[in-house]
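First comes the structure, then the notes that go with it.
The values are calculated or read from the model by the stated rules, or taken from the named source; none is laboratory data. If you're wondering where the values come from, they're calculated on a predicted model, not measured in any experiment. Here the Cβ positions follow ideal geometry from the backbone for every residue, glycine too, while neighbour counts run over all protein chains shown.
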Amino acid sequence: MKDNKGIIAKKEENISDWYEQVCLKSNLVEFAVVKGTMVIKPKGYAIWEKIQDYFNEKINKPLGVENAYFPLFIPESFFKKEAEHAEGFSPEVAWLDKSLTKEGERLAIRPTSETIMYDSYSKWIRSYRDLPLKMNQWCNIVRWETNTTKLFLRSREFLWQEGHCVYETEKECEKDTLKVIESYKKLVEDLLAIPVLIGRKTEKEKFAGAKHTYSIEAFMPDGKALQCGTSHNLGQGFAKSFGISFLGRDEKKHLPWQNSWGISTRLIGGMVMTHSDDKGLVLPPKVAKNKVVIIPILFENTKEKVLKKSKEIFKTLKSFNPILDDSEEYSPGYKFSEYELQGIPIRIEIGPKDLEKNEVVIVRRDTKEKTISKVKNTKNTLTKILKKMQEDLFKRAKEEMYSKIVEAKNFKEFEKAVKDKKIIYLNWCNEKSCEEDIKEKTGASSRCIPLGSEKQKVDGNCPMCGKPAKVKIYFSKSY
């Protein structure tokens with residue numbers, strides 16, 4: 001246990017400093033020596049493992065996706081095969097010069113893996129019998145951000161998964177592309193208790209080289225959206241560029257349809273910012289490595305009895321991976337504050353008076369609500385409280401997000417909503433020039449066109465440029 005001053009910055013007053021302090025002082029992560037990189041500590045990485053476990057079991061397996069691994073280094077010539085893709089990523093790519101590689105060309109350090117994976121796919125796919133081909137890889141990504149970096153949320157190196165699938169028909173491709181983004185929504189909401197908006201990206205904001213992109217968008221307390229996951233229908237462009245073709249059922253040569261999709265460690269940052277408070281980290285129970293800390297209240301004349309009972313309780317709660325803090329160099333009050341800072345979901349207190357009644361005091365990290373439980377009922381009581389805590393965290397965050405959505409009927413209302421850190425919902429022309437104008441004047445960018453809304457008739461004109469409105473859409477500032 002470390003002696004520190006806890007969280008000094010206030011979430012409401014300086015969310016940037018507050019967020020950094022929570023990430024660092026709760027032992028999730030630390031800054032690495034190279035700007036824009038980080039050391040994810042065991043506690044932080046355990047959250048990523050929870051995400052991986054959920055993903056592999058509930059997304060990969062039902063879709064029939066297999067995990068594989070592809071190289072970190074990508075020849076420059078591969079990027080040039082798909083011009084739009086190359087242009088979209090060129091500002092972020094970190095290169096190894098050919099004088100160093102001795103390969104006759106520069107090598108990119110993986111900013112995404114479409115090009116290197118599809119080179120292999122072109123060798124593996126020959127017939128419709130080879131389809132669908134569904135693969136995913138867990139790996140690190142390097143994008144050389146020149147803007148301000150932020151732990152988890154925007155870094156030069158981060159961890160992610162990227163799924164890449166190939167299909168015989170467009171219908172199959174689109175079906176899975178949508179299924180993935182809906183599964184991402186479920187993962188983020190069920191596991192991390194972060195509510196998200198789901199929809200299609202505009203032409204301007206879609207993935208470089210894709211036919212269209214779907215995304216899930218969370219909304220952080222500082223008024224910025226956080227793109228939490230994307231699923232791209234790549235059409236047939238990459239197949240054409242990389243020579244991926246198959247002999248169809250009609251014995252003719254065809255181009256397949258492809259998609260790609262991913263989530264990253266920025267989800268951890270979104271979770272921290274959404275739920276944590278001025279006392280430190282608040283973890284949804286489903287991702288907490290240690291769900292319970294047991295703190296005995298020790299006095300000299302009752303110490304042995306209290307410790308004995310505490311150890312008995314500890315053994316019965318193994319399924320919660322509990323911590324038993326029976327150290328005597330720190331006061332109970334100090335320990336309470338320390339484990340609040342660390343984000344342990346539940347604290348169990350047991351002192352001599354509790355021992356006399358054969359009870360324990362159970363305290364929730366998020367609400368500080370106390371529950372008195374008989375020792376024999378502790379396990380069942382904890383299970384119920386943890387389930388309720390997970391549900392409450394999501395409910396509060398969802399209510400907060402929807403309270404920030406406002407409609408704008410003219411530019412003045414839009415501009416005010418941006419300044420007030422709101423999500424703006426409006427009828428919109430769906431024109432790139434209008435989108436760029438909004439970005440230049442307000443700093444807000446399009447987030448997504450809600451799923452299903454494109455089929456609905458939109459009346460009136462775009463309040464931003466006056467052209468006929470074609471879609472409903474969300475705008476806000478973003479990370």
**Request:** With the checklist (1) under 26 Å from the mean Cα position of the chain (by Cα); (2) in a helix (DSSP H, G or I); (3) of a type in the set (S, T, N, Q) in hand, flag the one item Ser310 doesn't pass.
**Result:** (1)
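Can you list the strands (runs of 3 or more DSSP E) lying wholly within region 71-177 that have 2 or more residues being modelled with pLDDT under 95 and either assigned by TED's automatic domain parsing to the domain that holds Val33 or over 19 Å from the mean Cα position of the chain (by Cα) (or both)?
Once the strands (runs of 3 or more DSSP E) in region 71-177 are filtered for at least 2 residues that are modelled with pLDDT under 95 and either assigned by TED's automatic domain parsing to the domain that holds Val33 or over 19 Å from the mean Cα position of the chain (by Cα) (or both), what remains is 73-75, 94-96, 107-109.
Each row is one residue, and each column tells you yes or no for (1) over 30 Å from Pro296 (Cβ atoms); (2) at pLDDT 95 or above; (3) assigned to a helix (DSSP H, G or I).
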site	(1), (2), (3)
Ile372	no, yes, no
Lys379	no, yes, yes
Lys412	yes, yes, yes
Tyr425	yes, yes, no
Glu435	yes, yes, yes
**Asked** In this structure, is Ile109 β-branched (Val, Ile, Thr), surrounded by fewer than 19 Cβ atoms within 10 Å (Cβ to Cβ) and out of contact with any Pro (no Cβ under 6 Å at 6 or more places or on another chain)?
**Response** yes
**Asked** For region 169-184, what are the residues that are surrounded by 20 or more Cβ atoms within 10 Å (Cβ to Cβ) and either over 30 Å from Asp366 (Cβ atoms) or not small (Gly, Ala, Ser) (or both)?
**Response** Cys173, Asp176, Thr177, Val180, Ile181, Tyr184
**Prompt:** Applying the selection to region 248-263, what residues are part of a strand (DSSP E or B) and either of a type in the set (Lys, Arg) or touching a Lys or Arg at 6+ places or on another chain (Cβ under 6 Å) (or both)?
**Reply:** Lys253
**Request:** Return the pairs, sorted by first residue and then second, in which the second residue is in a helix (DSSP H, G or I), the first residue lies in region 44-72 and is free of Cβ contacts under 8 Å to residues at least 60 places away in the same chain, the beta carbons are less than 6 Å apart, and the residues are 6+ apart or on different chains.
**Result:** Pro71/Ile116
**Request:** With respect to Pro296, determine if the residue is crowded, with 23+ Cβ neighbours inside 10 Å, at negative phi, not assigned by TED's automatic domain parsing to the domain that holds Val29 and not charged (D, E, K, R).
**Result:** yes
**Prompt:** Is it the case that Lys419 is in contact with a Ser or Thr (Cβ under 9 Å, 6 or more places away or on another chain), of a type outside the set (Val, Ile, Thr), modelled with pLDDT of 95 or more and surrounded by fewer than 13 Cβ atoms within 10 Å (Cβ to Cβ)?
**Reply:** yes
**Asked** Out of Ala210, Ala218, which single residue is assigned by TED's automatic domain parsing to the domain that holds Ser120, of a type in the set (A, V, I, L, M), assigned to a strand (DSSP E or B) and touching a Gly at 6+ places or on another chain (Cβ under 9 Å)?
**Response** Ala218
